[in-house]
1. Listed residues B:G118, B:G148; which is under 30 Å from B:Y233 (Cβ atoms) and open to solvent by less than 10 Å² (accessible area, probe 1.4 Å)?
2. Could you look through region A:35-45, keep only residues that are facing another protein chain (nearest Cβ under 8 Å) and not acidic (D, E), and pick out the one that is least open to solvent (accessible area, probe 1.4 Å)?
3. Determine whether B:V198 is over 14 Å from the mean Cα position of the chain (by Cα) and either acidic (D, E) or crowded, with 21+ Cβ neighbours inside 10 Å (or both).
4. Looking at B:K60, is it within 18 Å of A:I22 (Cβ to Cβ), at pLDDT below 85 and either loosely packed, with under 14 Cβ neighbours inside 10 Å or within 28 Å of the chain's Cα centre (by Cα) (or both)?
5. How many of the residues making up region B:91-106 are part of a helix (DSSP H, G or I) and either open to solvent by 20 Å² or more (accessible area, probe 1.4 Å) or more than 14 Å from chain A (Cβ to nearest Cβ) (or both)?
6. Taking the stated definitions as given, is B:T78 over 22 Å from A:V15 (Cα atoms), of a type in the set (V, I, T) and surrounded by fewer than 21 Cβ atoms within 10 Å (Cβ to Cβ)?
7. Could you run through region B:157-193 and say how many residues are among the hydrophobic types (A, V, I, L, M, F, W, C), open to solvent by 10 Å² or more (accessible area, probe 1.4 Å) and facing chain A (nearest Cβ under 10 Å)?
8. Quick check, is B:I171 under 15 Å from the mean Cα position of the chain (by Cα) and part of a helix (DSSP H, G or I)?
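The values are calculated or read from the model by the stated rules, or taken from the named source; none is laboratory data. Remember, it's a predicted structure, so these values are computed and weren't measured experimentally. Note that each Cβ is placed from the backbone with ideal geometry, even for glycine, and that neighbours are counted across all protein chains shown. Areas reflect the complete protein model, heavy atoms only, side chains present, ligands, DNA and RNA absent. Shrake-Rupley method; radii C 1.70, N 1.55, O 1.52, S 1.80 Å.
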Amino acid sequence: MQPYIQFLMLLGMAVIAGTTMIVASHFLGPRRPTEVKERPYESGMPPLGSAHERFSVKFYLVAVLFILFDIETVFLIPWAVIFMGTGTLTTGFLLVEMLVFMLILFVGYVYVWKRGAFQWD
Amino acid sequence: MTFFLVSSAIKVFVVFNLIMVGVALLTLLERRVCAWMQDRLGPNRVGPQGILQPAADGLKNFLKEETSPAMADKTLFTLAPIVSFVPALLTFGVIPFAAPLPTRWGVVPMVVADLPVGFLYILAISSLGVYGIVLAGWSSNNKYALLGGLRASAQMISYEIALGMSTVAVILLAGNVTLSQVIAQQQQALWFVIPLTVAFLIFFISALAETNRLPFDLPEAEGELIAGYHTEYSSMKFSMFYIAEYSNMVTASALMATLFFGGWDIPFTSWDSTGDPSLVKTLATLAVFGLKTFVFLFTYIWVRWTLPRFRYDQLMALGWKVLLPLVLLYITLLAVAIWFVRIRLGWDYGPGMAWVLGGLNLVLLIVLAWWLDRGRIVSGSVPQEAA
């Protein structure tokens, strides 16, 4: 448990420092708002419409693919930890296991590529 | 217990402030190195060689007026810099930076928190930084900020896969995710950069993209997006994004030194890792660790002022179509090679196995350079015979 106490100390330090900076600059700086100053910056033009518009579905696609492949990394890490060890599983079994896993993933990867998920233009 | 709490509190305080000072000096270093590369002088007026310039900048940022755009989500707008700042400073916590220090009350390990989850902690916490950037982009009610935030998040999560995968190779050899164990394993045989050269290159490229540095600084491509996600930020809130970016760079450099270059290990001697801990050893290893980190930080700056920016589709294509299949193939090859050396040749992990893997990496590097180049850069720069 001890390292986690140290982690909490660091977290506390970072949060306090961050909050102090925001609060201090809020009270130290001047505050003279005008209508033009508060306007969202759009290269000097009056902003057209809201900024919270729809954006490309590609970004969602990237997020979904990220979850898929990141989980793959998460599955590979425990495998990597025991691969060199002297546990009950033999190295040969672990190797075949990983090759099967990679093969299944590779089929999915090729499918995603052929469906054009990696096209950004 | 009292000793533990006091020593931890001192470590946390010192490390936190060292990172902050390091970040401040890094901003100065960046400007001076940039000036040097462009044959200018750079900031050299405030203090000797401009050493007090970061302090002046910090003070200025505290005293500047805050603006908050109309229709912005005030809560998220204020929260976003903190969400970006906190994880950036937390990630350094698990990196061991020197040999253990002996004191009158006991030996203090020179790492803020040697978590058993080690590397996974870094992956987890550094991903949280994405939230700060997305929230900043979304809450600003500015089109440039929104686009910058979206681009940043897409880029960071894309390269995180390659980053995570390339460290699977490190874990494969180290057999542990705790960073102090990774260093111990490298002290036994060779630094992992020799048996894992390709993984190191992939890690380096992904780390550039993760920290939004050129040639991957699409999130704040000033020619198209003004300043990206922090367009609407001013005063200290802006500064906090800046600090977060630079402390991410420090962490990434320290991580590269730890995972691939032996951390605080002094090369060609086992004096630092064997025998009783002493103050001299701690200071020497701290200096070596600092030097290794500095080399990578300098490379970051060097790359920034040398290479032009990628186009967005090139950036995503590099991440998904080149680095991802490459690193998957690499892990497979590496696993097969380790299986061959361990089972067929019967060697355990040691210098012999490391050199065999190093040879494999050299071959892979040559094949990669030849395939990635395909007659464009290396042979393309040689004058061709007129046909």
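1. B:G148
2. Only one residue fits best here, namely A:P40.
3. Working: over 14 Å from the mean Cα position of the chain (by Cα): yes; either acidic (D, E) or crowded, with 21+ Cβ neighbours inside 10 Å (or both): yes.
Answer is yes for this residue.
4. Values: within 18 Å of A:I22 (Cβ to Cβ): yes; at pLDDT below 85: no; either loosely packed, with under 14 Cβ neighbours inside 10 Å or within 28 Å of the chain's Cα centre (by Cα) (or both): yes.
For B:K60, the condition - within 18 Å of A:I22 (Cβ to Cβ), at pLDDT below 85 and either loosely packed, with under 14 Cβ neighbours inside 10 Å or within 28 Å of the chain's Cα centre (by Cα) (or both) - is not met.
5. Looking only at that region, the number is 1.
6. So B:T78 does not fit the description; no.
7. First, pick out the residues of region B:157-193 that are among the hydrophobic types (A, V, I, L, M, F, W, C): B:157, B:161-163, B:165, B:168-174, B:177, B:179, B:182-184, B:189-193.
Those left that are additionally open to solvent by 10 Å² or more (accessible area, probe 1.4 Å): B:157, B:163, B:174, B:177, B:184, B:189-191, B:193.
Within this subset, residues satisfying the condition of being facing chain A (nearest Cβ under 10 Å) are B:157, B:163, B:174, B:177.
Number satisfying all stated conditions: 4.
8. Values: under 15 Å from the mean Cα position of the chain (by Cα): no; part of a helix (DSSP H, G or I): yes.
Against the criterion (under 15 Å from the mean Cα position of the chain (by Cα) and part of a helix (DSSP H, G or I)), B:I171 does not qualify.
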